[in-house]
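Take a look at the structure set out below.
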Amino acid sequence: MSVHGRIHSVESFGTVDGPGIRFVIFMQGCLMRCQYCHNRDTWDLHAGTEVHVNELMVQIESYLPFFKASHGGVTVSGGEAILQAPFVAALFKKCQAKGIHTCLDTNGFVRHYTPEIHRLLAHTDLVMLDIKHMFDDKHIELTQVSNHYTLAFAQYLHQHQHRTWIRYVIVEGFTYDISAAEALADFIGPMTNVEKVELLPYHPLGKHKWAALGETYQLDNITPPSDVIMKQIKAVFTQRGIHTV
Ligand code: SF4
């Protein structure tokens, strides 16, 4: 397990990335190219700041009372956390040794099931898996990569009964599509490890980061989905007995 990792930033009082109050670590590096990425500046694998796992643990442990009071813990997000699996595994192992809940927020782009991946999952209490689109042509248009690896990872999590939440961003031109939502609901319906689906309305909050990097933000004219659209998508899941938030 590696004791050094490259991180983009940390957030000490996260409340939207897992249960309770979370210390959230955003890892540097991602291989997807999502059009709505709100952390565009995390893509470069070589940018960010190198940290030692013990440095982070000192910070994390100072929040222990908040974790205990709120049933919170540590979430590692990104960028893509799995690209630095040995480091995240080392961090999660230390967290668990202190009784701190661990959550992995991932796009599931896992190409090889290495011993490091197994170690990481062994020290992960909860996986939050982003599924961007069930239809591969739309997934490629949205992220520039196939959904093949992500869907295989979801099946792996099911086979090994890793506790999982699914995250699904609703964005016009891509996931407004009821048939895509039905395909996702049918895919995860039999997965007894999936506790809920988080339906996340698209928002343009990361747009300024694209501008700062001199990049074109392709969803410039897209607005967040209406409540009506969100209710229609939600109904697809609830009709199949899948819990959504
Ligand atoms: S997977 Fe996440 S970090 Fe990577 S491009 Fe997509 S939204 Fe951005």
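Among the residues making up region 199-234, those that are within 29 Å of Asp186 (Cβ to Cβ), out of contact with any strand residue (DSSP E or B) (no Cβ under 9 Å at 6 or more places or on another chain) and aliphatic (A, V, I, L, M) are Leu219, Ile222, Val228.
Filter region 7-37 down to the residues that are more than 14 Å from the ligand (Cβ to nearest atom), under 25 Å from Trp210 (Cβ atoms) and either basic (Lys, Arg) or not in a loop (DSSP other than H, G, I, E, B) (or both) and list them by number.
If the condition is that a residue be more than 14 Å from the ligand (Cβ to nearest atom), under 25 Å from Trp210 (Cβ atoms) and either basic (Lys, Arg) or not in a loop (DSSP other than H, G, I, E, B) (or both), then Val10, Glu11, Gly14 are the ones that fit.
The residue that is nearest to the ligand (Cβ to nearest atom), among those in region 38-75 that are part of a loop (DSSP other than H, G, I, E, B) and either surrounded by fewer than 18 Cβ atoms within 10 Å (Cβ to Cβ) or modelled with pLDDT under 95 (or both), is Asn39. Quick one: in region 108-121, of everything that is more than 25 Å from Met134 (Cα to Cα) and in contact (Cβ under 8 Å) with a residue 24 or more places away in the chain, which residue is nearest to the ligand (Cβ to nearest atom)? Going through the qualifying residues, I end up with Leu120. Considered as a group, the residues in region 130-160 that are among the β-branched types (Val, Ile, Thr) and within 12 Å of the ligand (Cβ to nearest atom) include one that is surrounded by the fewest Cβ atoms within 10 Å (Cβ to Cβ), and that residue is Val145. Taken as a whole, the structure places His101 among residues that are touching a strand residue (DSSP E or B) at 6+ places or on another chain (Cβ under 8 Å), more than 16 Å from Ser2 (Cβ to Cβ) and touching a residue at least 12 places away in the same chain (Cβ under 8 Å). Can you say whether Val58 is in contact (Cβ under 8 Å) with a residue 40 or more places away in the chain and more than 17 Å from the chain's Cα centre (by Cα), as far as the supplied structure shows? So Val58 fails the test. Cβ-Cβ distances below 7 Å connect the following pairs, each with a first residue in region 74-95 that is hydrophobic (A, V, I, L, M, F, W, C), a second residue that is assigned to a helix (DSSP H, G or I) and within 12 Å of the ligand (Cβ to nearest atom), and a separation of six or more residues or different chains: Val88/Ala81.
Answer with yes or no whether Ala211 is more than 21 Å from the chain's Cα centre (by Cα) and either at pLDDT below 95 or surrounded by fewer than 17 Cβ atoms within 10 Å (Cβ to Cβ) (or both). Here the answer is yes, as Ala211 does meet what is asked.
The values are calculated or read from the model by the stated rules, or taken from the named source; none is laboratory data. Since this is a predicted model, take the numbers as computed values, not measurements. Every residue, glycine as well, gets a Cβ built from its backbone with ideal geometry; the counts of neighbours run over all protein chains shown.
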